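The block underneath contains the structure these notes are about, expressed in C-alpha cells.
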Amino acid sequence: MKNPNLIADSTKSLQLLYELSEQLASALDLQTTIEQVMALSAQYIGAERGSLVVLDVDQAPLDAVLIYEGRMQFNNAAQFADVVKRGLIAWVIEHREAAFINDTSQDDRWLKRQDDSPEQTGAKSAMCIPLEARGQLVGVLTTVQPQPNRFTQAEFDFLKAVADQAGVAIHNALLFDSLESMHRQYFELFEDNIASIIMTDPEGKITKANRAAYALMERIGRELVGTYISDFHHIPVNLVGHQFDKLYGGDVVTYDSVLEFLHGSTMPVKVSVRMLPRDIKGSIQWIFEDISSQKELETMRHDLLSMVYHDIRSPLANVISSLELLRVMVPVEEDQNVEDVFSVISRSSNRIQRLVSNLLDIDRLETGQAIVNARMVDLNVLVDVVTEDVAPLIESRDQHFTLQMDEGVDEVWADEDMLRRVLINLLENASKYTPVGGDVQFSIVREADGMLRFLIADTGSGIPSDMILTIFDKFTRVNPNRGPKGIGLGLAFCRLAVEAHDGRIWVESEEGKGSQFIFELPYNDGSMLHADV
Ligand code: ADP
C-alpha cells in the first residue's frame, strides 16, 4: 500500500534508510540481500510491482526477484534475459541513469505489453534505477504503479538513496559468493585430488594432508599428525636447502625418493615440492607419487637389455675370433673374391660388436660407473686402426680425407677401446652426413692448457643452430625421416665416454656448409682422472 506521508518526511526517510543499511549489513548472501532490498523498496514506496535484476560483468542477468500485486517471486534469471535487452531496463543499463516516468503510455522507453492497453490496466507510472558499486553496474531496481502520476520526486530521491546502499550490498554479496565458490573449488581440488598432497609449515612440520595422502600413509603404517615430513622420507638437502631455503624462489623442485614403511620395507616415490606464496602463510606443498611399477619396469628393461647385449657379445666374439683363425687357415691372398668376402664379414661383425659395446657402455656410464680399462694409449697406432676402419666407407663415397696430427702428440691416458669407438662414430658420421665427393678432415692438436683436442670436420649437411646442444641427447636426429638410417645413440655414447674421461665434447656447425665435432681429453698420465680409474 502506498503511503505518501511515510517518505514525504525527510527525517522518516533517513530513518528508513538507516534501517535498511542495518539489515543489509547483516546479510552476506545474494538471495537475502536482493530480497530485502526489493521488499523494503516496495513496502516504503508502496509500489504494486517491481523487480530487481542482478547483472554480471557482461551485463547478463545473474539473479532476479520480482514483486507482483504485493507478492514476492524469485525468478529464474533466464526469464530476464530478454528484459535487459529491450525497453526501460535496457535503457537504464545503457545510459547508467535513473529513469522517472509519470505516464508509460507517453514514454518510448517503456516496452508496451498487452496489459498496457486501455481496456486492461492501461498507462502506469514507473521508476527505474541503476545499482552501482565501485564504478561497476551490478543491477537494476524497478518499481511500478498501475496508474500514471503516482510517484513523487521525494520517492524518486528515496529510491535512488536505497539503490546506493543496495549497489554496495549486492557487490559485497557477489564478492562473498565468488570467494566462497573459490574456497569450495580449492577445497575440492585439494581433498579429492588423486595425488597425495601434504602441507607443512616452513620448518617441515605437517599441518594438513588430503584424503589420498592419509590413505598412502595408512599403507605405510605412518601417522601424519604432529610429524615432520623428513620423518618418513629422505630429503635431498642439495636440492631443497638446509632449511628449505632453496624453495623460496617459488620453483617446483622434483626428486625421486623412497617412503620408509614402519616395518622396514620401502616404496619408491616421485616428490614435487614447492613453497606456496607468502600470502598463503608460506606453507610448503609436497606431492607424492607412487612410482613402484615404473621402477619395476625400468629394472626389468635394464636387466633384459643387459642380458641381450651380453648374450650377443660372447657368440659374436666367437664369430670374430673364428673368422681370424679361418683367415690364417685359408690362403685368401690367392683369390681376390675370397678376400673380399672375408673383409665384408669381418667389417660387419666388428660393426655389430662396436654397436653392442656402445649400448652396454651407455647403460653403464649413465648409471655413473667409472671407466675401468684406462691406460696409456699410443695415438699413432690408434689413429691407424681408426682410419683403416673408416677408409672403405670414405672411399665408397668418393670423399677426400685428410689427417693432421701435431708434432709430439703420441700418447693419451684413456680406455683404448672406448676412445676408438668414439673416433669411429664421429668419422663415420662425418662421412655419412656429407655428400659424395665432400671432404672429411681429422686433426689432433695439443692445446696450451694441457688438453688434447680431437677435431673431426666435414663439408656435409651441418647441424641446425637450435640443436647444437641437444644433438648429444639420446635418440636425437636432425631429419629422422630422411637421409642415412640411424637411431641417434652414437653421439650420446660419445658424450658419455668423453665426459667419463674428464673431457668435454661439442659441435660447431653452419647448416648446409658442414660441421666440426670437437672433443678434448686431459693430456696427462691419468693423475687428473678419477681415483678409481
Ligand atoms: P645416428 O647417426 O645413428 O642417427 P648419432 O647420435 O651418431 O646417431 O647422430 C645423431 C644425429 O646427429 C644424426 O641423426 C644426424 O642427424 C646428426 N649428425 C651427426 N653427425 C653429423 C654430421 N657430421 N653432420 C650432420 N649431421 C650429423
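Couple of notes before you dig in:
- Residue 444 of a type in the set (Val, Ile, Thr), surrounded by 18 or more Cβ atoms within 10 Å (Cβ to Cβ) and within 14 Å of the ligand (Cβ to nearest atom): no
- All positions within the range 467-483 that are surrounded by 12 or more Cβ atoms within 10 Å (Cβ to Cβ) and either within 6 Å of the ligand (Cβ to nearest atom) or β-branched (Val, Ile, Thr) (or both): 468, 471, 476, 477, 478
- Considering 263, 234, the condition of being touching a Ser or Thr at 6+ places or on another chain (Cβ under 6 Å), closer than 26 Å to residue 296 by Cβ and assigned by TED's automatic domain parsing to the domain that holds residue 283 is satisfied by 234 alone.
- Unique residue being modelled with pLDDT of 90 or more, out of contact with any helix residue (DSSP H, G or I) (no Cβ under 8 Å at 6 or more places or on another chain) and either of a type in the set (Asp, Glu) or under 22 Å from residue 72 (Cα atoms) (or both) when the list is 163, 126: 163
- Candidate set: the range 484-507, residues that are within 12 Å of the ligand (Cβ to nearest atom) and in contact (Cβ under 8 Å) with a residue 60 or more places away in the chain; chosen: the one nearest to residue 454 (Cα to Cα): 494
- The one condition in (1) within 20 Å of residue 227 (Cα to Cα); (2) surrounded by 14 or more Cβ atoms within 10 Å (Cβ to Cβ); (3) not hydroxyl-bearing (Ser, Thr, Tyr) that residue 246 fails to fulfil: (1)
- If you go through the range 382-428 and keep only what is in contact with a helix residue (DSSP H, G or I) (Cβ under 9 Å, 6 or more places away or on another chain) and assigned to a loop (DSSP other than H, G, I, E, B), you end up with 397, 399, 409, 410.
- Condition check for residue 377: part of a strand (DSSP E or B), surrounded by 13 or more Cβ atoms within 10 Å (Cβ to Cβ) and away from the ligand (no atom under 16 Å from the Cβ): yes
- Checked against the criterion of being within 15 Å of the ligand (Cβ to nearest atom), over 31 Å from the mean Cα position of the chain (by Cα) and part of a loop (DSSP other than H, G, I, E, B), the candidates 461, 431 yield just one match: 461.
- Hits in the range 419-466 (condition: of a type in the set (Asp, Glu) and in contact with a Cys (Cβ under 7 Å, 6 or more places away or on another chain)): none
- Any chance residue 302 is part of a helix (DSSP H, G or I) and touching a residue at least 24 places away in the same chain (Cβ under 8 Å): yes
- Only residues that are within 26 Å of residue 365 (Cβ to Cβ) and either part of a loop (DSSP other than H, G, I, E, B) or away from the ligand (no atom under 11 Å from the Cβ) (or both) were counted in the range 447-458, giving 8.
- Looking at 341, 271, just one residue is of a type in the set (A, V, I, L, M) and assigned to a strand (DSSP E or B), and that residue is 271.
The values are calculated or read from the model by the stated rules, or taken from the named source; none is laboratory data. Predicted model, so just to flag it, every value in this text is computed and none were measured. Cβ coordinates were reconstructed from backbone atoms using ideal geometry, including for glycine residues, and neighbour counts include every protein chain displayed.
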